[in-house]
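Data block below; observations after.
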Amino acid sequence: MSRERKPRKFVKFFSTSRITLAVLVVVILQLSWVQLVQCQNFDDYTSGSGKDFPVDNPEFVKYFTQVAYSRLSNLTTLLLSSQFANNHSYCVKDPKAEWNRAFNFSDNLDFVSNCITNLRGDFTQRICTAAEIKAYFNSIQNSNAIKPNGNCNRTSWVSGCEPGWACGVNSDQPIDLKNSRDIPVRTLDCQSCCAGFFCPRGITCMIPCPLGSYCPLATLNRSSGNCEPYNYQLPAGQLNHTCGGADMWSDVISSGAIFCSAGSYCPTSIEQTPCSSGNYCPMGSTSEKPCFKLASCDPNTASQNIHAYGAMLIAGLSTLLLIIYNCSDQVITIRERRLAKSREAAARSVREKVQARTRWKAAKDAAKKHAIELQSQVSRKFSRRKVGAENEKVRILNEEELGTDEDLYPTMDTSTSGASEQSYASSEGKTIEAGHLTRMMHEIEDHSDSFSSFAVDAKSSKSKAAKDKEIHTHSQIFKYAYSQLEKEKAQEQQNKNLTFSGVISMAANTETRKRPVIEIAFRDLTVTLKGKHKHLLRSVNGKIMPGRITAVMGPSGAGKTTFLSALAGKAVGCTINGLILVNGKTESIHSYKKIVGFVPQDDIVHGNLTVEENLWFSARCRLSADLPKPDKVLTVERVIESLGLQAVRSSLVGTVEKRGISGGQRKRVNVGLELVMEPSLLFLDEPTSGLDSSSSQLLLRAIRREALEGVNICMVVHQPSYTLFRMFDDLILLAKGGLTVYHGSVRKVEEYFTSLGINVPERVNPPDYFIDVLEGLVKPNTSSSLSHEELPIRWMLYNGYPVPPDMQHYSVAVTASPTYVQFGSHEYSAQITNEDQSFAGEMWQDVKCNMERRRDIIRHNFLRSKDLSNRRTPNVLLQYKYFLGRVGKQRLREARVQAIDYLILLLAGASLGSLSKASEEQFGMPGYTYSIIAVSLLCKIAALRSFSMEKLQHWRESASGMSSLAYFVSKDTMDHFNTAIKPVVYLSMYYFFNNPRSPFMDNYIVLLCLVYCVTGIAYVLAIFLDPGPSQLCSVILPVVLTLVATQARDNKVLKIISDFCYPKWALEAFVIGNAERYYGVWIITRCGTLRRFDYNLHDWILCIAILILTGIASRGIAFLGMLVFQRK
């Protein structure tokens, strides 16, 4: 048994050893073969006829493929990193990355293996060298055929010179693929080009097709004679010649035959696969791209349908904007409602306290009266002298209401006579009753602290002032304001019947805030219109005093507004002669502009703000920055109360398109804007025009109250009623030509005219009658031959003023003195000489006059004078804060206009995105061009509203001392919201309809900078031009600049001009951002397009920077224009 088992074990061992030995032999042979291959020269297999090439050995083919690919990759790397990259740096940003995207075939080398197998190893001998590739790319760059070379010329044209074919070299000829100077002789064994390579016409070598291409072998279409899918044909007369491979790689416009078709992807250059459902494949794709969620992608589609994202973005953006506008409006409404409730509660509380105070005073007076009656009954039994002394004490107490009730009841002296004691004892019961009432009065006075809000003694006022510093809430502020208003009303009521002691107490009260006093005196004031030498005012003398209301009256053309403008320092285009003194000094009135108010004739107020908002903004910006907020609120409430605007304080003022408050209320708001800043000098230009009698009286009462506080008020009035006329203190009556007829007290004007023999008829308003006389409509009812032309002469003679020589013929009884002649010859010589001028001379005179007027305006705008007003108004940052809040409210109330702007942008984006599909050849340039025009046009027109609609309001605010910088920056800051939102609104339609390859964020950044740029340009147009021309320029300018930017390639002058056109930089940024996403087979198309339009792939940041700098520069120009060309 054991002997039998041993052979079996041996056989089993021998079989296992044999298998192991066989495996070892195979491995050794394989390693020996590989080692043998490695030891042999690679060129031995690539040269010659290829008969010795081991085609059937897959390991050798694989190894040979790797070695060939390494040489090929070295060639392409050298090409892109040195020669091509240096010559085409404008379209190649990262050469290594571009090589990976174009020639990194390491993932799949099947096309190389197939080519090696088909050529039986004759592969590297047919690959183009650097010199041949250089010749080919130079021909593409210069748009002409390859230059003749040693292989392909007129005398030598082998079949390999035809498109789609290539040839080999002699076996003893070495090939250096890196040689960029010499083209090797390559004319043997010409064959068709391998699949995955292209063989251009004119060279006899192969170039690998880049990634994203499809380069199969061509097939002959016998009907057309073309080698499809390419466009070349077989050479005539060569019957044995067949269609080869691909013939050229160029831009997609010249030949897009090798591009992987849209809707398919090409993992290698010899394989094209249709795109499956749920994926999309743009032209030149190497792999499928999965569609986004919610996006639909049908089979064989080139782009994904992302309209759902556009709809979602629109819905989200619309919801966000609706929430912002509605909630913000609700916030403003709720805030105003809460403020109104707090204000009403404070007013109600104050009224209740006033009523309680009134009842308390009534009870106190009744108790005093009862006590006095009892005291008088008791005191009858005393001596007459005693009674007289006590009655005097009671009388003094009633007048002054000071001290305690104990002063009314002096204690009885123990040394009185017996009769007095008997009399006092007999009336003991009445004395007890009187003492009981006295104690009741003492209790009432002890609890008078509950009415401390209305205490008038100095001690309680000081404690109240200390308490006011701790006022913070709206309720506390309004209670303080209304309590002070009630105090002022009570004080006014007491002032109507003041005793001597009351006047002394008012004069001694140092807590009342006094305003600086301004007195204006003018001597021989003459205003002459430049160029025409026409006198608007002549020899006006006088002064306007603080605490008095001076009315300026006269017929049309008398120079009333000119007189007001001359005193206020607002006269431009005129020559002002004479002397204007401020507080007796030759100071400029501009030194006091912080405390000088000027009410224009037109109602220049913000129509999209409420009455309270208009007044409150003016108070915050123009009152002293050191003034506490409760006092500012008190000032505003006082003005609202005095002007009778309580009922409409929360109503919008209104505009021409949207009606608000009435005309009379609007006029009062116009005056209130100056009253809230507590001026020391106030000019008003016809404030009562258009008002009825009651409104005029209400306005004059408010102005009278300001005059009682020491304000110097001068106002132009047109035909006031007699009641209003009697409310003025002084009158300046001007005749035509700016001559003074009367300047003095209103109460003495009739007396003066009566002395001239001019009597006002009964039932005739004196001011109307005086104006009719000055107009020449009514002849003075005087026995003398006095005419209305002689009235200014009479006033000059009456006050001893010099008479101009050209008016001395009106003087009848007075001869001109030498003083008059000297004055007239010096002052009016220019007017006497009046020579006739030609038409050209008159035109030149008008142009000169306009230029001088413009120069005066610029000089006034940049005039800087020292500040003598002693008022520190809020700085620029605080005013910027106030302006920003005001502009925010205005924009929220213009939500409907903003919504229309966004709707138009949505429609424009949808239309342009649908009509101008992304053009692969020009990287979306047509669509971007239309987008630049549309966005520029729409955003410019919308940005014009920022400044063109409020020019008058800004001129008035700037003239009053408000910061133009704060106004401009606040407007621009608020426009940044539209600058950030409008690109999203437009791209939400355009991007998802057009579907460019560049990411959404890149398009948004470029469009954001574009909107910022065109907004600044719109500011310039709005400030420098009127609304009509500015809108026309906003429409024409984007179209013209875009045409210049896109059509200026051949003209050097236009090319230089295009560098200053913002559309060029915006379009370049769009195209660069999109072209950067085209790679692989697209690299030649990219370089050709960028070269044709002179774009550089590295200039994206430069384009963005130029757009931003253009926006900043245009804003600087706009602000400078605002300072220079604003009319004050």
Number of the condition not met by LYS940 [criteria: (1) of a type outside the set (Phe, Trp, Tyr); (2) over 20 Å from the mean Cα position of the chain (by Cα); (3) modelled with pLDDT of 90 or more]: (2)
Residue identified as closer than 22 Å to CYS1009 by Cα, in contact with a Cys (Cβ under 8 Å, 6 or more places away or on another chain) and of a type in the set (A, V, I, L, M) among VAL1071, VAL1044: VAL1044
Count - residues of segment 216-236 that are part of a loop (DSSP other than H, G, I, E, B) and open to solvent by 70 Å² or more (accessible area, probe 1.4 Å): 5
Residue check, THR754 open to solvent by 40 Å² or more (accessible area, probe 1.4 Å), touching a helix residue (DSSP H, G or I) at 6+ places or on another chain (Cβ under 7 Å) and not in a loop (DSSP other than H, G, I, E, B): no
Any hit, segment 1035-1053, residues being modelled with pLDDT under 90, part of a helix (DSSP H, G or I), farther than 30 Å from SER213 by Cβ and open to solvent by 60 Å² or more (accessible area, probe 1.4 Å): yes
Segment 730-749 residues that are in contact (Cβ under 8 Å) with a residue 60 or more places away in the chain and open to solvent by less than 10 Å² (accessible area, probe 1.4 Å), paired with ones that are in a strand (DSSP E or B) and of a type in the set (D, E, K, R) (beta carbon under 8 Å, 6 or more apart): GLY738/ARG538; VAL746/ASP730
Check on SER328, farther than 30 Å from TRP157 by Cβ, hydroxyl-bearing (Ser, Thr, Tyr), out of contact with any Cys (no Cβ under 8 Å at 6 or more places or on another chain) and at pLDDT 85 or above: no
Residue that is nearest to SER254 (Cα to Cα) [pool: residues in segment 1087-1125 that are open to solvent by less than 30 Å² (accessible area, probe 1.4 Å) and hydroxyl-bearing (Ser, Thr, Tyr)]: THR1089
Test: CYS266 is closer than 19 Å to GLY1080 by Cβ, open to solvent by less than 60 Å² (accessible area, probe 1.4 Å) and not in a loop (DSSP other than H, G, I, E, B): yes
SER250 vs. criteria closer than 30 Å to ARG1091 by Cα and part of a loop (DSSP other than H, G, I, E, B): yes
Residues of segment 571-595 satisfying the condition of being open to solvent by 50 Å² or more (accessible area, probe 1.4 Å) and either under 20 Å from MET677 (Cα atoms) or aromatic (Phe, Trp, Tyr) (or both): HIS590, LYS593, LYS594
Every residue from segment 157-193 that is open to solvent by less than 30 Å² (accessible area, probe 1.4 Å), outside any strand (DSSP E or B) and among the small types (Gly, Ala, Ser): GLY160, GLY164
Cβ-Cβ under 6 Å pairs, at least 6 apart or on other chains, segment 273-297 side β-branched (Val, Ile, Thr), far side open to solvent by 60 Å² or more (accessible area, probe 1.4 Å) and modelled with pLDDT of 90 or more: none
Flag for MET545 being in contact with a strand residue (DSSP E or B) (Cβ under 8 Å, 6 or more places away or on another chain), at pLDDT 90 or above and open to solvent by 10 Å² or more (accessible area, probe 1.4 Å): yes
Members of segment 99-149 found to be aromatic (Phe, Trp, Tyr), within 60 Å of the chain's Cα centre (by Cα) and not in a helix (DSSP H, G or I), listed by number: PHE105
Residue, nearest to TYR69 (Cα to Cα), within segment 99-128, restricted to residues that are in contact (Cβ under 8 Å) with a residue 40 or more places away in the chain and of a type in the set (Gly, Ala, Ser): SER113
Residue pairs meeting the criteria (Cβ under 8 Å; at least 6 apart or on separate chains; first more than 18 Å from HIS307 (Cβ to Cβ), in segment 991-1002; second open to solvent by less than 40 Å² (accessible area, probe 1.4 Å) and among the aromatic types (Phe, Trp, Tyr)): SER998/PHE1070
Given (1) touching a strand residue (DSSP E or B) at 6+ places or on another chain (Cβ under 7 Å); (2) of a type outside the set (Ser, Thr, Tyr); (3) over 30 Å from SER869 (Cα atoms), index of the condition ASP685 fails: (3)
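The values are calculated or read from the model by the stated rules, or taken from the named source; none is laboratory data. For clarity, every value in this text was computed on a predicted model and none was experimentally measured. Cβ sites come from the backbone with ideal geometry, for glycine too, and all protein chains shown count toward neighbours. The area values use the complete protein model at the heavy-atom level, side chains included, leaving out ligands, DNA and RNA. Shrake-Rupley method; radii C 1.70, N 1.55, O 1.52, S 1.80 Å.
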